[in-house]
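Each reported figure results from applying straightforward, stated rules to the coordinates on display, with no laboratory input. Since we're looking at a predicted model, the values are computed, not measured. Glycine gets a Cβ as well: all are built from the backbone with ideal geometry, and neighbour counts include every protein chain shown.
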Amino acid sequence: MDRFTATIDGWTSWGRVFQSIEAFEPLIRHILSQHALPIAEIEHCTPGTNAVFKVGDLVVKIFAPKESGFETESDYQTELFGIARANRMGVSALQPWPAAGWRTNMSFRIWSWSISQENPLIGGTAA
C-alpha cells in the first residue's frame, strides 16, 4: 500500500500539498505505528519549505522530496551533522530509526522529535 499518493512534480505541486494533513496522514500514522509511538491528532505547524506537523507530543518533519524541485539534501545533511555533534557532546538529540517498510512514491526524508521533556527524542529517514 502506498502511504502517500499525491503527485509532486515541481515546486507548485509541493506548495499545494506540503501542509495537507489529509495527504500526509497515512504516511505519518504508519511511521508512528511502526515505531510504537503514540498516534494523536495531526495538527499544522508554522509553514516553511518542508511539511511539518505536530502529533501529540511529537513534531514530524517531512523534507521536501527531490520531486519538488527544491534541493533539501544540504538541509538534511546539516541537521544530521548537528544531531551527531550533539550526541557526541552528550546533549539529548534525535536518534535515527530504520526506514524499512515505509513505502511511498516520493523520496522523503523524515524526522520526528519530542516536544515533551518526558519523551525520548527520536528521528529518522525514509526514501
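Give me the one-decimal nm value for the distance between modelled label points at residue 84 and residue 29, 7 Å along each residue's Cα-to-Cβ direction.
3.6
What is the calculated FRET efficiency for residue 6 to residue 91, with r their C-beta to C-beta distance and R₀ = 41 Å, to the nearest 0.05? Spell out each step's value before the answer.
On the way: r = 36 Å, r/R0 = 0.88.
E(calc), rounded to 0.05, equals 0.70.
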